[in-house]
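Take a look at the structure set out below.
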């Protein structure tokens with residue numbers, strides 16, 4: 001077919017795409033389709049704990065059975081390698097693609113893995129930054145991911161702009177702030193940036209909100225609290241929750257172990273778990289960028305252990321399970337079935353519920369090993385729920401009103 005080169009035709013200046021360029025473009029598009037959800041973590045202010053939030057959100061998602069990748073595009077101060085104890089890691093390539101580093105199943109990519117000397121400063125202008133970010137997004141063998149968590153540097157400059165333009169479509173941004181006015185002023189710019197880039201704001205996280213007393217474990221208001229929530233209300237975006245300061249957060253980060261992994265029952269972990277729960281509901285209920293089969297995408301199935309029709313405080317002692325189906329789009333309960341579980345032996349019930357199609361289990365108490373087995377079977381675990389009917393608990397969970405207390409099982 002001939003091309004039109006008439007001076008009167010706007011197509012005369014068009015540069016035709018070669019076959020190799022078209023194949024490369026199609027390959028990049030296919031690779032992005034293998035990532036179901038992408039969340040960028042932003043802040044207009046440095047030093048608010050954005051990377052710590054990103055690492056622990058990603059780890060919490062992985063502990064719930066999701067396949068997760070972490071992309072660190074803080075080119076001038078990459079801290080992700082330290083937080084995952086991967087500072088000596090160097091990425092290898094296969095078939096022209098970078099292979100992510102592995103941290104207990106988490107796929108991790110950072111500019112820090114590409115530096116010969118981590119102490120060397122990166123002195124690049126905007127185009128060079130954009131080129132490297134494009135490479136880190138498009139030339140990585142991520143594989144199949146449920147979530148890609150992107151840790152952006154502070155501000156609204158080249159790096160966040162480049163990664164959002166390269167990704168094309170993201171589920172949204174988590175904006176991190178501290179309660180102080182000096183941080184809030186800059187974080188407002190991040191929300192405005194998202195609006196300009198047509199990026200949904202999934203919510204605001206107020207980090208360093210009070211201090212967890214190392215003696216009594218109560219939260220003390222050291223500086224102030226509530227600024228992040230007030231900002232969210234003013235800007236008309238969701239508020240995801242507060243994360244208090246805990247000295248062990250610093251210890252865990254320096255040791256290269258995500259806090260939620262090291263301290264499963266800490267107040268900060270409970271808060272992060274609640275934030276992840278909200279993020280998953282929002283992402284899974286929204287229209288998917290890359291649709292999955294209808295039975296996987298449009299229906300959530302909650303499993304609840306029961307005794308006399310109410311929640312049993314330990315799933316291993318229950319008489320039956322309620323399987324509550326929910327339409328993910330409308331968040332309405334569509335049906336409830338009751339099943340008698342098999343004999344309780346290690347690992348049996350998680351596998352059985354997986355076979356029944358359960359996506360989330362709501363329980364009063366559950367041991368850590370059992371939680372891990374449920375996660376391995378792709379089932380999200382919610383513990384500390386009160387005694388109530390299964391429909392009431394699921395409805396409260398869907399509305400973000402489920403009040404959870406202490407896990408009543410510690411083995």
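I'd like to know if the range 353-363 contains one or more residues that are assigned to a helix (DSSP H, G or I), assigned by TED's automatic domain parsing to the domain that holds residue 300 and touching a residue at least 40 places away in the same chain (Cβ under 8 Å). Yes, there is a match, as at least one residue in the range 353-363 is assigned to a helix (DSSP H, G or I), assigned by TED's automatic domain parsing to the domain that holds residue 300 and touching a residue at least 40 places away in the same chain (Cβ under 8 Å). Residue-level check: of (1) assigned by TED's automatic domain parsing to the domain that holds residue 171; (2) at pLDDT below 80, residue 279 misses just (2).
Only one of the numbered conditions (1) surrounded by 15 or more Cβ atoms within 10 Å (Cβ to Cβ); (2) over 22 Å from the mean Cα position of the chain (by Cα) is not met by residue 342, and that is (1).
I'd like the residue in the range 364-379 that is touching a strand residue (DSSP E or B) at 6+ places or on another chain (Cβ under 6 Å) and assigned to a helix (DSSP H, G or I) and, out of all such residues, is surrounded by the most Cβ atoms within 10 Å (Cβ to Cβ). My answer is 374. Of all the criteria given as (1) modelled with pLDDT under 85; (2) within 29 Å of residue 378 (Cα to Cα); (3) assigned to a loop (DSSP other than H, G, I, E, B), the one not satisfied by residue 222 is (2). Total residues in the range 304-332 satisfying the condition of being assigned to a strand (DSSP E or B) and touching a residue at least 60 places away in the same chain (Cβ under 8 Å): the figure is 8.
Residues in the range 333-352 that are within 13 Å of residue 316 (Cα to Cα) and touching a residue at least 60 places away in the same chain (Cβ under 8 Å): there are none. Considering the range 248-271 alone, what residues qualify as being in contact with a helix residue (DSSP H, G or I) (Cβ under 8 Å, 6 or more places away or on another chain) and part of a loop (DSSP other than H, G, I, E, B)? Passing the criteria: 256, 258, 263, 264, 266. Search the range 144-199 for residues being in a loop (DSSP other than H, G, I, E, B) and surrounded by fewer than 19 Cβ atoms within 10 Å (Cβ to Cβ), and hand back the single one that is modelled with the highest pLDDT. Filtering first and then ranking leaves 144. For residue 43, are the conditions met, namely being at pLDDT below 90 and crowded, with 23+ Cβ neighbours inside 10 Å? Criteria met by residue 43.
Considering the range 232-247, the residues that are assigned to a helix (DSSP H, G or I) and at pLDDT 85 or above include one that is nearest to residue 272 (Cα to Cα), namely 232.
The values are calculated or read from the model by the stated rules, or taken from the named source; none is laboratory data. Model, not experiment: these values are computed from the prediction. Virtual Cβ from ideal backbone geometry, glycine too; neighbours counted across all protein chains shown.
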